[in-house]
Amino acid sequence: MNSTTVDNYIKSFPENVQVLLNQVRATIKENAPEAEESIAYMMPAYKIFGKPLVYFAAFKNHIGFYATPTGHTQFEKELSTYKQGKGSVQFPLDKPIPLTLIARIVKFRVEENYIRKLKK
């Protein structure tokens with residue numbers, strides 16, 4: 001699958017997964033309305049202040065959420081119940097997606113990118 005837009009990416013999944021992907025997308029957009037939305041690394045990607053913010057992707061049994069290592073480090077305790085990789089966390093498709101936590105991570109990353117911008 002090689003989608004060129006986030007809409008096409010989401011539409012390429014079964015309806016139940018589309019619902020979850022749209023929830024994640026809406027949460028990101030609500031908490032980072034100025035972020036640029038695109039496809040990068042074959043998944044939905046968001047940038048703000050010219051720097052990567054977060055990414056997400058659907059897989060067979062989970063939705064992967066990528067907030068760079070800093071977003072995961074900052075919320076290590078809250079994310080500890082989920083399977084993780086370096087800079088990634090897996091939210092199982094058969095459990096509620098932690099949208100409030102995603103919102104907090106996105107806000108943290110927006111602030112982090114803003115501070116980096118100011119230091120330039």
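Read-outs: derived from the displayed coordinates by stated rules, not from any lab. In this text, all values refer to a predicted model and were calculated from it rather than measured experimentally. Neighbour counts are summed over all protein chains in view; Cβ atoms, including those assigned to glycine, are modelled from backbone coordinates with ideal geometry.
Things to note:
- Ordered by the count of other Cβ atoms within 10 Å of each Cβ, fewest first, R104, R109, R116 give R116, R104, R109.
- Degrees separating the helix 15-31 axis from the principal Cα axis of the chain, which is the longest one: 10
- Each other residue within a Cβ distance under 15 Å of A32 adds +1 if Lys or Arg and -1 if Asp or Glu, for a net charge of +3.
- Remark: the Cα gyration tensor places the chain in the oblate category, a/c being 1.5 or greater and a/b not exceeding b/c.
- Centre separation in Å (Cα based) which lies between the range 2-28 and the range 54-110: 16
- Taking θ as phi - 60° and the Karplus parameters 6.51, -1.76 and 1.60, the scalar couplings of the range 77-92 work out to 5, 5, 8, 5, 7, 10, 5, 9, x, 5, x, 9, 9, 10, 9, x Hz in sequence order, x denoting glycine and proline.
- Ranking of K77, K83 by count of other Cβ atoms within 10 Å, fewest first: K77, K83
- Measuring nothing but how far apart in sequence close Cα pairs (under 8 Å, 6+ apart) lie, relative to its length, the range 29-78 scores a relative contact order of 20 percent.
- Relative contact order %, the range 6-119, counting alpha carbon pairs below 8 Å whose residues are six or more apart: 24
- Candidate lysines for bridging to K11, where Cα separation is under 19 Å - those fewer than 8 sequence places away on the same chain excluded: K29, K60
- Cα long-axis angle, helix 99-119 against the chain (0 to 90 degrees, to the nearest 10): 30
- With neighbours defined as other Cβ atoms within 10 Å of a residue's Cβ, the residues E112, E37 order from fewest to most as E37, E112.
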